[in-house]
Amino acid sequence: MGEVISGKVIAEEIREEIKRSIEDAKDKGYRVPCLVTILVGNDGGSIYYLNNQRKLCEKLGLESKAILLEENIKEEELISLIKKLNEDKTVDGIMLQLPLPKNFNEALVTNSISPEKDVDGLTDYNNGKFYKGQDAFVPCTPRSVLHLIKSTGVDIKGKNAVVIGRSNIVGKPVAQLLLNENATITICHSKTQNIKEVCKNADIIVVAIGRPLFLDDSFVKEGAIVIDVGTSSVDGKITGDVDFEKVINKSGHLTPVPGGVGAVTTTLLLKNTCEAWEKNVY
Ligand code: NAP
């Protein structure tokens with residue numbers, strides 16, 4: 001039976017680190033980090049996410065501000081607001097909740113965030129640096145995936161890693177992060193033939209497709225690390241892309257859903273904010 005990788009436990013460890021660094025800075029007389037989140041429209045799921053994020057900021061000692069904007073706000077107004085936040089020396093991180101309503105040019109808006117405050121790794125600038133292997137803010141979900149894999153203590157170097165899914169926010173950056181760690185990468189997608197055969201050779205499998213229970217034990221090599229990024233709602237229950245009950249008996253390590261990747265993601269957003277803040281205050 002494989003080990004369950006607990007995102008909750010790992011998130012708690014990162015939270016302790018964040019708390020300590022803020023308390024230390026406060027003792028030295030520095031201001032605390034500040035994260036500003038912008039939400040356009042009133043999507044219930046996004047509001048729930050923002051509330052949780054705000055509560056976590058409070059718990060760890062970060063200042064947080066949520067800017068909730070009407071769906072009919074003009075694109076120029078949104079960009080001008082972001083530019084003001086870019087100039088504001090008391091703001092360290094800016095997070096824009098995506099997707100924006102359809103009438104917005106999402107690339108234009110996200111790229112108006114200053115790269116130094118782009119703690120969610122949305123801008124082309126940070127993306128370009130990241131794919132060139134330079135120091136940059138990386139989107140938090142892929143960062144969470146890597147963190148969970150590393151938490152197993154298994155050396156990633158030289159391992160065969162299969163990433164299922166090739167989106168810009170999850171699949172591609174996960175593959176790049178694993179490549180940076182010297183794994184050998186195969187990326188699968190909806191047009192890939194024989195995914196099962198490809199997966200059977202993998203030491204590490206990351207599934208990010210949004211297809212509930214897609215991956216069962218017949219895809220998995222004995223002892224492999226399996227990371228489930230999928231979050232679909234099935235009968236009102238958050239369900240991953242992996243059939244946990246079947247895969248846990250064959251894998252070496254497996255993340256649950258919920259309580260796996262998602263549990264670490266928000267904490268890493270706050271960690272990125274602290275990294276931006278440290279550059280500003282020290
Ligand atoms: P996305 O943009 O819809 O991309 C899905 C990817 O999966 C695409 O590359 C698609 O291939 C591929 N795909 C779909 N069906 C497939 C199949 N049957 N076999 C192989 N590949 C298939 O989704 P996303 O934004 O990357 O998100 C993926 C999942 O992760 C979703 O469930 C999402 O809710 C979840 N998620 C979780 C977190 C978290 O923090 N836990 C964060 C972000 C996303 P093509 O490119 O060929 O279409």
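Around residue 249, under 14 Å between beta carbons, what's the net of Lys plus Arg minus Asp minus Glu among the other residues? It works out to a net charge of -3.
Exposure proxy for 9, 220, 32, 242: other Cβ atoms within 10 Å of each Cβ, ordered fewest to most, give 9, 32, 220, 242. Counting Lys and Arg as +1 and Asp and Glu as -1 over every other residue whose Cβ lies under 14 Å from the Cβ of residue 215, the net charge comes to -1. For the chain, the relative contact order comes to 22 percent (Cα pairs under 8 Å, sequence separation of at least 6). The charge dipole of the chain, taken about the Cα centre with unit charges on the Cβ atoms of Lys, Arg (+1) and Asp, Glu (-1), comes to about 300 debye, rounded to the nearest 20.
If I take every Cα pair under 8 Å that is 6 or more residues apart in segment 57-209, average their sequence separation and divide by the length, what percent do I get for the relative contact order?
Details: 183 pairs, mean separation 24.0, N = 153.
Computed over segment 57-209, the figure is 16 percent.
Note on segment 203-277 and segment 30-63: Cα centroid distance 24 Å, given to the nearest whole angstrom.
Taking a ≥ b ≥ c as the square roots of the Cα gyration tensor eigenvalues, with a/c under 1.5 meaning rounded and otherwise prolate when a/b beats b/c, else oblate, which class fits segment 30-116?
Working: a/c = 2.42, a/b = 1.28, b/c = 1.89.
Here segment 30-116 falls in the oblate category.
Of the trypsin sites (Lys or Arg not before Pro) found in segment 1-108, those that fall in a DSSP loop while having at most 10 other beta-carbon atoms within 10 Å are 28, 74, 89, 102. Build a GNM of the chain with springs between Cα atoms under 10 Å apart, and of 135, 228, 216 the one that fluctuates most is 135.
Can you bin segment 140-262 into rounded, prolate or oblate? Criterion: square roots of the alpha carbon gyration tensor eigenvalues sorted a ≥ b ≥ c, rounded for a/c under 1.5, prolate for a/b above b/c, oblate for the rest. It is rounded, given that a/c, with a ≥ b ≥ c, falls under 1.5.
The loop-placed trypsin sites (Lys or Arg not before Pro) in segment 159-199, going by DSSP, that have at most 12 neighbouring Cβ atoms within 10 Å of their Cβ come out as 191.
Within segment 57-126, the GluC sites (Glu not before Pro) that combine a DSSP coil assignment with at most 10 other C-beta atoms in a 10 angstrom radius are 70. Just check the chain against the gyration tensor rule for me: Cα atoms, a ≥ b ≥ c as the square roots of the eigenvalues, rounded for a/c under 1.5, and otherwise prolate or oblate depending on whether a/b exceeds b/c. Prolate is the answer for the chain, as a/c is 1.5 or above and a/b outweighs b/c.
Helix by helix, which DSSP H runs in the chain go 27 Å or more along their axis at the Cα atoms and have an average Kyte-Doolittle hydropathy of 0.0 or more? Both cut-offs are met by 261-281.
Bear in mind these aren't lab numbers, they're just calculated from the coordinates by the rules spelled out. Source: prediction; values computed, not measured. Virtual Cβ from ideal backbone geometry, glycine too; neighbours counted across all protein chains shown.
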